[in-house]
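To start, the structure itself, in structure tokens.
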Amino acid sequence: MPHIVLAALFLGLAGAVAGVIGTAGGITTLVAYPALLAVGVAPLAANVTNSVAMLGSGLGSASRAAPDIAGLGAVIRRWAPVSITASLAGAVLLVVTPAGVFDRVVPFLIAAGSLILLLQPRISRWQEASGRVWGKTAVFGGLSTVSVYNGYFGAGSGILLIALLLLTREPVLHRANAAKNVLLAASDLLPAVLFALTAHVVWAAAIPLGVGTLGGGLIGPSIARRVRPGLLRVLIACTGFALATWLLISP
């Protein structure tokens, strides 16, 4: 019993930290996934359990996003159906295919998104100078790809979605981050239901982790608004590179 209580407290604390990191633009999995492994949850079960628990972070951050997404309602309404559908497709893919199909490219996707974040100011200046913008087909393809990946594994999908928003619709980082929080909250719901019904969710770990992420998700947006955009960009990118390296070298 003491071991179970300590594990629950540890996961609750890890969830709170993950929730703050995620809603402030970082990667919740950088904290939550290793925490699940540390208490003895198997890798695939940890992935599924983490996806369910992260609903707390998403719901908490989405509930605090209103001040930062003013004027972005049309973009969110246009992107949400694509993101929701593609995320569900990614979750179905995880359930019906062998584990590890996407895992080989995960570190490279996260690293690419982190690099795009660092280069985004220069890319935006180049876009403005050249007059080039993403077409509807490119936006649809990028959003669909990120969302399928989000439903399948999800680590770093927030970074990829922020990068897509920054390059196409919203050049202000904390507003792009808030829009990302709303889109991911909507997109993660159906995959979580699917995992709960068909996959091995470790509820004894998911519940304390989810409660922690809910608390972290509620205070994360306030932290994001107070951090300078340049510093926030570097912090997000560094967490992305750290997770990419960890996934690349870990068995």
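List of remarks:
- Residues Leu93, Leu243, arranged from fewest to most other Cβ atoms within 10 angstrom of their Cβ, appear as Leu93, Leu243.
- Of the DSSP H helices in the chain, those whose Cα atoms cover at least 20 Å axially and whose Kyte score averages 1.0 or more: 2-23, 73-96, 229-249
- Note on Trp126/Leu235: beta-carbon distance plugged into 1/(1 + (r/R0)^6) with R0 of 25 Å gives a FRET efficiency of 0.55.
- FRET efficiency for Ala138 and Leu248, using Cβ-Cβ distance with R0 set to 22 Å, rounded to 0.05: 0.20
- Sorting Ile4, Ile69, Ile236 by the number of Cβ atoms found within 10 Å of their own Cβ, with the fewest placed first, yields Ile4, Ile69, Ile236.
- Once C-alpha pairs closer than 8 Å and six or more residues apart are averaged by separation and normalised to the residue number of segment 2-249, the relative contact order reads 46 percent.
- Calculated over segment 103-209, the projected area of the Cα convex hull averaged across directions stands at 8.0 nm².
- Dipole magnitude of the chain, debye to nearest 20 (Cβ charges: Lys/Arg +1, Asp/Glu -1, about Cα centre): 740
- Of the residues Thr198, Thr137, the one with the fewest other Cβ atoms within 10 Å heads the list, and the complete ranking is Thr137, Thr198.
- For the chain, the mean residue ellipticity at 222 nm estimated from helices alone is -27000 deg cm²/dmol, where every DSSP H run of n ≥ 4 contributes -39500 (n - 2.57) and the total is divided by all residues, rounded to the nearest 500.
- Label corresponding to Rg and Dmax of the Cα atoms in Å when calculated from the structure given, among (i) 17.0, 64; (ii) 17.0, 51; (iii) 16.9, 55: (i)
- Length added when fully stretched, Val96-Ile4, from 0.36 nm per residue minus Cα-Cα: 29.9 nm
Since every read-out is calculated from the coordinates, none of them should be taken as a lab result. These numbers were taken from a predicted model, which means no experiment stands behind them. For neighbour counting, all protein chains shown are included, and Cβ atoms are generated from backbone atoms with ideal geometry for every residue, glycine included.
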